[in-house]
Amino acid sequence: MQGAGYCERLSGAFWAEPLNAVSNAAFLLAALTAFLLLRWQGRRDWPAEALTALVAIIGVGSFLFHTMPQRWTLLADVVPIQLFALCYFGLALNRFLGLSPLLASIGALLFLAACFGLASGLAPLLPAGMRGSAGYAGFLIGLSGVALTARLRGDVIAGRRIAVTGFVFAVSLSFRSLDSVLCGAVPLGLHWGWHLLNGLLLYLLLRAAILAPRA
């Protein structure tokens, strides 16, 4: 059964993962808060608006997967996350590093390919219960690279903001990775912490993009 690998799930019931399911409200709260920030800015920002809507979709997709673990709900969970990572990295290359939209798009596609390659090489080296986190390692490296490059370019504020998101993501990824490893000691698991911290992470990423100066 898809989803049975989460520590909290002990049966096939709809509410077999109550914390994992309810904690997806963090994504909806992140989307709502980012939407209010966009309204406060008083100008249209369609890339940030699209990413804000995508964060809400991530919350819905993850809720579906943690209540009805099936192949289609797995796709509803994973695809929006990967799409957000791809689109946000492209936006970051444009807004924080000054690349043209074309070069930023090419860079985002190369980044996605590198993430898949890294995940394929890293997963076999990890314990079975942690292999699902390998696919997110590339995004953590990408955030670190953007933060460092922005700072080297003299954009200290953007560098600091992205560095903070990288730290939050590192802690969040630890929760995800240790969910099954510490299952005996933490019966309800730690995956809910991944959701809560990722809600914060996605809001901070959206905030950094919304507040970034634009030409």
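For residues that are surrounded by fewer than 21 Cβ atoms within 10 Å (Cβ to Cβ) and either touching a residue at least 60 places away in the same chain (Cβ under 8 Å) or out of contact with any Pro (no Cβ under 8 Å at 6 or more places or on another chain) (or both), tally how many sit in the range 177-199. Matching residues across the range 177-199 total 10. Of the residues PHE35, PHE14, the single one that is more than 17 Å from HIS195 (Cα to Cα), part of a helix (DSSP H, G or I) and either open to solvent by 50 Å² or more (accessible area, probe 1.4 Å) or free of Cβ contacts under 8 Å to residues at least 60 places away in the same chain (or both) is PHE35. Within the range 76-89, at least one residue is within 19 Å of PHE169 (Cα to Cα) and buried (at least 23 other Cβ atoms within 10 Å of the Cβ). Exactly one residue out of VAL181, VAL171 is part of a helix (DSSP H, G or I) and β-branched (Val, Ile, Thr), and it is VAL171. Residues being open to solvent by less than 30 Å² (accessible area, probe 1.4 Å), more than 24 Å from GLY90 (Cα to Cα) and touching a helix residue (DSSP H, G or I) at 6+ places or on another chain (Cβ under 6 Å) are entirely absent from the range 44-51. Residues that are surrounded by fewer than 15 Cβ atoms within 10 Å (Cβ to Cβ) and in contact with a Gly (Cβ under 9 Å, 6 or more places away or on another chain) within the range 163-173 comprise just one, VAL171.
Among the residues that make up the range 155-168, is at least one of them farther than 28 Å from ALA26 by Cα, part of a loop (DSSP other than H, G, I, E, B) and in contact with a Phe, Trp or Tyr (Cβ under 8 Å, 6 or more places away or on another chain)? Among the residues of the range 155-168, at least one is farther than 28 Å from ALA26 by Cα, part of a loop (DSSP other than H, G, I, E, B) and in contact with a Phe, Trp or Tyr (Cβ under 8 Å, 6 or more places away or on another chain), which makes the answer yes. When LEU28 is evaluated against the numbered criteria (1) over 14 Å from the mean Cα position of the chain (by Cα); (2) under 14 Å from HIS195 (Cβ atoms); (3) open to solvent by 30 Å² or more (accessible area, probe 1.4 Å), which criterion, by number, is the only one it fails? LEU28 satisfies all of (1) over 14 Å from the mean Cα position of the chain (by Cα); (2) under 14 Å from HIS195 (Cβ atoms); (3) open to solvent by 30 Å² or more (accessible area, probe 1.4 Å) except (1). All told, VAL156 meets the bar of being surrounded by fewer than 15 Cβ atoms within 10 Å (Cβ to Cβ) and under 25 Å from PHE96 (Cβ atoms).
The values are calculated or read from the model by the stated rules, or taken from the named source; none is laboratory data. Everything numeric here is computed off the predicted structure, so don't read it as measured data. For neighbour counting, all protein chains shown are included, and Cβ atoms are generated from backbone atoms with ideal geometry for every residue, glycine included. The area values use the complete protein model at the heavy-atom level, side chains included, leaving out ligands, DNA and RNA. Shrake-Rupley method; radii C 1.70, N 1.55, O 1.52, S 1.80 Å.
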